[in-house]
Amino acid sequence: MPMVIAIDGPAASGKGTLAKRLADHYGLPHLDTGLLYRAVALTLIDAGAALDDEAAASRAAASLIADRLADPRLRERAMGEAASRISGIPAVRAALLAWQQRFAGTPDGAVLDGRDIGTVICPDARVKLFITASAEERARRRHRELTGRGEAVSLAAILADIQARDARDASRSAAPLKAAADAVVLDTTELDADEAFAAARAVVDRARTQ
Ligand code: CDP
Ligand code: CDP
C-alpha cells in the first residue's frame, strides 16, 4: 500500500523541515505545497497583476510549471504574505488540487506538507501529522532563518506577519487551516528539529506496522 504522509501546520512550525527529513528517511518524494501558492503569487507579481485579480491568479495556477518552484525569490518574506492572499481564491485551490494529488499518487507514496493536505488533498493519507508551536517560537525560528539568509527584518515584524497569516489561513472559507480529525498533533514549542523528527518517526513507524 502506498505510504502517503500528510503534514500540515501554521507558518514556521517546522513542517517543511520535518517533511523533508521524513521523505529522506523513508525514501519518498517530497512536495512543499506552500511553494505552489508562492509561485502563483510570484507569477502575478512578475506580470504586474494585482494579488486580488482572481482571473489572473486562476490562469497562473492552471499553467504552473515545476521549473518555477526552484526560484529562490519564493523563500522571501513578502512571498509568504502574497501566497496567503491568493490562497483564499477557490479557483486557485482547485487548479492546484490536481497537481498535488498527482504527486501524492506516485506508486510508493509521498510526503506533502501544507495547510490542507490531511483535510482536502489527501484525506485518505496513511499518516497525518499536524505540526504546531507557539506564535512567539515560530517567529523566532523564521527570524533566524531570514536573517541567516541576509534579509534585514525585526522579530516584531515577523511575529506580526505570522499572527496575521495564522488568522487569515484559519478563517478563510476555502480549505481553512485546521487539523484533520484523525491527525496526530505534535506541538514542537519545546522540541528541537531532531526531537520533532524522532516523535514523527514513531508515529509513522506505528502506522506502517498496522
Ligand atoms: O513556510 P510557511 O508556512 O511560512 O509558508 P508556506 O507553507 O510556504 O505557505 C504560504 C501560504 O500559502 C500560507 O500562508 C497559506 O496561505 C498558503 N498555503 C495554502 O493555503 N495551502 C497549502 N497547502 C500551502 C500553503
Ligand atoms: O515549513 P515551515 O514554515 O512550517 O517551517 P520550516 O521552514 O520547516 O522551519 C522553520 C525553522 O525552524 C527551520 O530553520 C528549522 O530548522 C527550525 N526548527 C524546526 O524546523 N523544528 C523544530 N522543532 C525547531 C526548529
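Quick notes
- Residue check for D205: at pLDDT 95 or above, surrounded by fewer than 18 Cβ atoms within 10 Å (Cβ to Cβ) and within 15 Å of ligand 2 (Cβ to nearest atom): no
- In the set A55, A49, A66, only one residue is of a type in the set (A, V, I, L, M, F, W, C) and within 22 Å of P176 (Cα to Cα); that residue is A55.
- Residue in the range 70-79 that is more than 18 Å from A47 (Cβ to Cβ) and either within 12 Å of ligand 1 (Cβ to nearest atom) or crowded, with 17+ Cβ neighbours inside 10 Å (or both) present: yes
- Residues that are of a type in the set (A, V, I, L, M), assigned to a helix (DSSP H, G or I) and surrounded by 15 or more Cβ atoms within 10 Å (Cβ to Cβ) within the range 93-137 comprise A95, L96, L97, A104, I117, V120, I121, A135, listed in sequence order.
- Within the range 1-44, the set of residues being more than 27 Å from A56 (Cα to Cα), more than 12 Å from ligand 2 (Cβ to nearest atom) and modelled with pLDDT of 95 or more comprises V4, I5, A6, A23, D24, H25, Y26, G27, L28, P29.
- Pair list, Cβ < 9 Å and 6+ apart or interchain, from the range 23-52 residues that are polar (S, T, N, Q) to residues that are part of a loop (DSSP other than H, G, I, E, B) and within 13 Å of ligand 1 (Cβ to nearest atom): T33/R115; T33/D116
- Residue match in the range 181-189 (condition: touching a Lys or Arg at 6+ places or on another chain (Cβ under 7 Å), outside any loop (DSSP other than H, G, I, E, B), farther than 26 Å from E76 by Cα and away from ligand 2 (no atom under 16 Å from the Cβ)): no
- Scope the range 148-170; condition basic (K, R) and assigned to a helix (DSSP H, G or I); matching residues: R165, R168
- No other residue among R68, R75 is of a type outside the set (G, A, S), within 16 Å of ligand 2 (Cβ to nearest atom) and at pLDDT below 95 apart from R75.
- Meets criteria (closer than 16 Å to L36 by Cβ, within 12 Å of ligand 2 (Cβ to nearest atom) and either under 16 Å from the mean Cα position of the chain (by Cα) or modelled with pLDDT of 95 or more (or both)) for R142: no
- Restricted to the range 12-63, the set of helices (runs of 4 or more DSSP H) holding at least 1 residues that are in contact with a strand residue (DSSP E or B) (Cβ under 7 Å, 6 or more places away or on another chain) and within 12 Å of ligand 1 (Cβ to nearest atom) comprises 15-26, 34-47.
- Checked against (1) touching a residue at least 24 places away in the same chain (Cβ under 8 Å); (2) of a type in the set (G, A, S); (3) under 18 Å from V120 (Cβ atoms), A82 passes all but a single condition, namely (3).
- The set of residues in the range 101-158 being in contact (Cβ under 8 Å) with a residue 12 or more places away in the chain, among the β-branched types (V, I, T) and out of contact with any helix residue (DSSP H, G or I) (no Cβ under 8 Å at 6 or more places or on another chain) consists of T106, T119, T132.
- Whichever residue in the range 168-190 is surrounded by fewer than 16 Cβ atoms within 10 Å (Cβ to Cβ) and touching a helix residue (DSSP H, G or I) at 6+ places or on another chain (Cβ under 7 Å) and, among such residues, is modelled with the highest pLDDT: T189
The values are calculated or read from the model by the stated rules, or taken from the named source; none is laboratory data. Here the structure is a predicted model, which is why all the values come from computation and not from measurement. Please note: Cβ atoms are built from the backbone with ideal geometry, for glycine as well, and neighbour counts cover all protein chains shown.
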